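Q: Got a structure for you, written out below as structure tokens; questions coming shortly.
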Amino acid sequence: MVKNQILIVDDSEINREMLRLILEDEYDIVEAGNGKEAIEIIEKGDHVFRLVLLDLVMPVMSGYEALQEFKNRGWHHNLPVIIISGDSTDEALSKAYDLGAADFFAKPYNPQIVLRRVTNVISSREYAYRDLLTGAYNRLGFLQMANNFLQKCEDRTKFAIMFFDLKNFKAINSLLGTEGGDAVLRQTFNGMVHAELEPIFISRFEADHFVCLVEKRKIDVAKLIQESNQTLEWNGHSMQFRFRTGICHIDNDSDVINFVDRAKLSLNYIDDEYLKPYAIFDDNMAQNYINAAAVTSEFETSMANEEFKVYYQPVMETATGKIASAEALIRWIHPERGFVRPDLFIPALEKDGFISKLDLFVDKKVNQVMQLWKEQGLVTVPVSINLSWMDFYDQDMIQNILDNVAQRITTPGSVRYEITESSFAALKENRGDVLKALREQGAWLLMDDFGSGYSSLGMLMNYKFDILKIDMSFVRQLEKNPDVKHIIKMIIDMCHLLGMKVVAEGAETETQVNILREDACDYIQGYYFSKPLPEEEFKQFLAKCKEEGKI
Ligand code: G
Ligand code: G
Ligand code: MN
């Protein structure tokens, strides 16, 4: 059991000693001789105090001044103070209460009463650190406790963070109602409390995610596999639910939140959640790992240092083998981490709203380059730009695109934007106007990653597109699963009926290309023809196409 921490602030050593004797069985005690020392200790952050016992009359900084400082720093919200002064006039006390004190102990101290009132004050504030539904720590409480615990450990590397993700929790909620969902969450917490794993701290970190700090030697993967399947008996219903678990071993650097992030990230590396419902964060994942905060804090510098590069992947016409267009794909070439994959930083940028800056950069860059090549008498093709759904909520971004579109368009479709199926789903009705305005000026819209989301066909009723891009996952399955050929064929026929052209993404083999040709797929984009190329290589690719008459 880890003890809660209390700070005793009094210039009288005897007084401090007296209170320490009363409290130290139940609490972890730290002492300060005056207000200034107290503030220094709290500010240092080595402790998570649940309560301060504060004398009023002290040298250097009095209790009143200290209370005022606590308030100035906003600590009074989460850090209760009990006055322990000998100066117990009504006036002194009322001044202290005005400054936010929670309670007052008169001398001589009655040990029983002191202990009871300390416990009461602490537990009355505990809600700030607890999840009310389960009684587990909440995110704030867990991070504070775990950070504090590890700071004091001699060997942090004996510990690990486990991140538990409840599967099909949405289904549980909709089948059993919120109360049933709540029951699952409570049962999960109780299960963890009594598990042989003996977590040091358990938290419901967010929604249906539980995070524990555990000792590495207590992790038993055979048990983990067995216990990842659970049954809830509730109100006469019996319901199955499952967990996936990400594990991150703690090393000597960084903050607990980074270990939690890594444990969570390792969930993405679980291949078969039935056979092996857990993953342990490893060096391989570490190479890919950049926490979201790092991405956004580095973003502006990286932009300024031109670490972001636009690559171009050719799109070929199936019937003729000629180049038809290209897609602009962003690449981050980081001075320390090297090549960073977009799926690692784009979601972080979307969260923080930076994605529009990046997309605008790509949009401008591509146009600049194509303009230059034209002026130099080189051949070019239309290049499509990927937009994020976030872009449609950034007025600057939209205005910029709308303002420039008209002057850039030479022939219909010479300017193109790709929007993923799931982005369309996130767009509100009124944002559809932007798309309409773009099309009316002659820009083409491409529906990206078609078939990878949940909303495929409905999208086609609500918006007009010029080209549909069949998600790579279909082409991947083409040679393995005969049904996929029919699905692709059907999508292509449907698109043609609706007046759309079709691009198949991710073709890598000749067989795939031949099948797609048989199915009358208009265009193909994939490694079979070319990987995404840096600017200079793309220029050469175009030159070669021209030489061979493939443009
Ligand atoms: O190579 P690839 O790993 O580039 O792309 C991964 C994902 O990142 C794809 O879904 C692609 O659409 C997206 N992406 C690539 N470049 C950009 C870009 O400039 N802007 C946005 N919003 N997404 C991009
Ligand atoms: O925006 P979108 O999700 O469509 O981005 C296309 C993605 O597909 C990019 O990440 C690009 O690098 C990738 N890609 C394109 N062709 C191939 C291919 O043939 N094989 C594989 N594995 N990836 C491809
Ligand atoms: Mn795309």
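We did not get these values from a lab; they are worked out from the coordinates using the rules stated. Predicted, not measured: the structure shown is a model, and the values here were computed from it. Here the Cβ positions follow ideal geometry from the backbone for every residue, glycine too, while neighbour counts run over all protein chains shown.
Q: Please report the orientation-averaged projected area of segment 74-132, defined via the convex hull of its C-alpha atoms, in nm².
A: 4.7 nm²
Q: Test of understanding: ordering ILE219, ILE250, ILE161 by Cβ neighbours within 10 Å, fewest first, what list do you get?
A: Numbers: ILE219 17, ILE250 23, ILE161 26.
The most exposed by this proxy come first: ILE219, ILE250, ILE161.
Q: Over segment 1-151, what portion of Cα pair distances is larger than 24 Å, expressed as a whole percent?
A: On the way: 3216 of 11325 pairs.
So the pairs more than 24 Å apart make up 28 percent of the total in segment 1-151.
Q: Sort out the exposed loop GluC sites (Glu not before Pro) in the chain (DSSP loop, at most 12 other Cβ within 10 Å) and tell me the longest stretch that has none. Mind dumping the intermediate values first?
A: Values: sites that count: GLU24, GLU154, GLU196, GLU306, GLU336, GLU548.
So the longest stretch without any such site is 337-547.
Q: Right, next: Mean separation of Cα pairs under 8 Å and 6+ residues apart, divided by the residue count of the chain: what relative contact order is that in percent? Working shown, then result.
A: Values: 885 pairs, mean separation 46.1, N = 551.
Relative contact order, the chain: 8 percent.
Q: Over the alpha-carbon set of segment 149-201, divide Rg by the Kirkwood Rh and report the Rg/Rh ratio to two decimals.
A: Numbers: Rg = 15.4 Å, Rh = 13.4 Å.
Looking at segment 149-201, the ratio lands at 1.15.
Q: Using only helices, what value at 222 nm comes out for the chain when you add -39,500 (n - 2.57) per DSSP H run of length 4 or more and divide by the total residues, to the nearest 500 deg cm²/dmol?
A: On the way: 21 runs with 244 residues, N = 551.
-13500 deg cm²/dmol, from helical runs alone.
Q: Would you mind checking which residues have amide H under 5 Å from PHE104's amide H? H placed 1.01 Å from N; only 5 or more apart, or other chain.
A: Those qualifying (amide H under 5 Å, at least 5 residues apart or on another chain) are ILE83.
Q: Which longest uninterrupted range of the chain lacks any chymotrypsin sites (Phe, Trp or Tyr not before Pro) assigned by DSSP to a loop state (not H, G, I, E or B) and surrounded by at most 14 other Cβ atoms within 10 Å?
A: Working: sites that count: TYR274, TYR454, TYR527.
It works out to 1-273.
Q: Which percent, nearest 5, of DSSP beta bridges in segment 286-429 are antiparallel? Walk me through the numbers on the way to the answer.
A: Working: 12 of 19 bridges.
For segment 286-429, the DSSP antiparallel bridge percentage is about 65.
Q: Would you mind computing, in nm to one decimal, how far apart the modelled labels at LYS351 and ASP46 are, each placed 7 Å from Cα along Cα→Cβ?
A: Using points 7 Å along Cα→Cβ, the separation is 3.2 nm.
Q: Of the cross-linked pairs LYS485/LYS531; LYS436/LYS464; LYS501/LYS546, which ones have a Cα-Cα span greater than 20 Å in the structure shown? Each step should come with its number before you reach the end.
A: Details: LYS485/LYS531 24 Å; LYS436/LYS464 8 Å; LYS501/LYS546 24 Å.
In this structure, LYS485/LYS531; LYS501/LYS546 lie more than 20 Å apart at Cα.
Q: Report the FRET efficiency, 1/(1 + (r/R0)^6), for LEU115 and SER12, where r is their Cβ-Cβ distance and R0 is 25 Å, rounded to 0.05. Mind showing how you got there, number by number?
A: Working: r = 20 Å, r/R0 = 0.80.
Working from the Cβ atoms, E equals 0.80.
Q: Only four residue types carry charge here, +1 at the Cβ of Lys and Arg and -1 at the Cβ of Asp and Glu. Report the dipole size of the chain about the Cα centre in Debye, rounded to the nearest 20. List each step's numbers first, then the result.
A: On the way: 60 positive and 85 negative charges, 259 e Å.
The calculation lands at about 1240 debye.
Q: Still on this structure, please answer the following. Quick one: grab the alpha carbon gyration tensor of segment 407-477, order the square roots of its eigenvalues as a ≥ b ≥ c, and give me rounded if a/c is under 1.5, else prolate or oblate depending on whether a/b is larger than b/c. Spell out each step's value before the answer.
A: Numbers: a/c = 2.79, a/b = 1.41, b/c = 1.98.
Taking the square roots of the gyration eigenvalues as a ≥ b ≥ c, segment 407-477 is oblate.
Q: Between ALA426 and SER124, what's the calculated FRET efficiency when r is the beta-carbon distance and R0 is 30 Å? Round to 0.05. All intermediate terms of the calculation are to be shown ahead of the outcome.
A: Values: r = 42 Å, r/R0 = 1.40.
Computed FRET efficiency for ALA426 and SER124 comes out at 0.10.
Q: Of GLY180, ILE247, VAL502, which is farthest along the charge dipole of the chain in the positive direction, counting Lys and Arg as +1 and Asp and Glu as -1 at C-beta?
A: VAL502
Q: For an R0 of 30 angstrom, estimate the FRET efficiency from the Cβ-Cβ distance between SER452 and TYR393 and round to the nearest 0.05. Let's see the in-between values first.
A: On the way: r = 23 Å, r/R0 = 0.75.
Using R0 = 30 Å, I get an efficiency of 0.85.
Q: Cα convex hull of segment 27-113: how many Å³ per residue? Provide the component values of the computation, followed by the final result.
A: Working: hull volume 8.6 nm³, N = 87.
Once divided by residue count, the hull of segment 27-113 is 99 Å³.
Q: Same structure, new question: In nm, to one decimal, how far is the modelled label at PHE339 from the one at SER238, with both set 7 Å along Cα→Cβ?
A: About 5.3 nm, to one decimal.
Q: What helices in the chain pass both tests, a Cα length along the helix axis of 27 Å or more and a mean Kyte hydropathy of -0.5 or higher, using whole DSSP H runs?
A: Working: long enough: 169-194 (28 Å, 0.10); 355-375 (30 Å, -0.24).
Passing helices, by number: 169-194, 355-375.
Q: While we're on this one: So for segment 441-551, Kirkwood radius off the Cα pairs, Stokes-Einstein at 10 °C and 1.306 mPa s: how many µm² s⁻¹?
A: Stokes-Einstein gives a translational diffusion coefficient of 105 µm²/s.
Q: Please compute the alpha carbon radius of gyration of the chain, then divide it by the globular-protein estimate 2.2 N^0.38 Å. Two decimals is fine. Each step should come with its number before you reach the end.
A: Working: Rg = 30.9 Å, N = 551, 2.2 N^0.38 = 24.2 Å.
Ratio of Rg to 2.2 N^0.38 Å for the chain: 1.28.
Q: Within segment 318-346, find all residues whose amide N lies under 18 Å from a label point positioned 7 Å from the Cα of GLU536 along Cα-to-beta-carbon.
A: Within reach of a label on GLU536, which here means backbone N under 18 Å from a point 7 Å along Cα→Cβ, segment 318-346 contributes 331-334, 339.
Q: Another one. List VAL383, VAL9, VAL30 from most exposed to least, where exposure is judged by having the fewest other Cβ atoms within 10 Å. Don't skip to the answer; put the middle values down first.
A: Working: VAL383 23, VAL9 28, VAL30 18.
So the residues, fewest neighbours to most, are VAL30, VAL383, VAL9.
Q: Related question: Would you mind checking which residues have amide H under 5 Å from SER452's amide H? H placed 1.01 Å from N; only 5 or more apart, or other chain.
A: HN-HN under 5 Å from SER452: ASP471.
Q: Quick one: VAL434, VAL193, fewest Cβ neighbours within 10 Å first, how do they rank?
A: Working: VAL434 17, VAL193 13.
Ranked by crowding around the Cβ, least crowded first: VAL193, VAL434.
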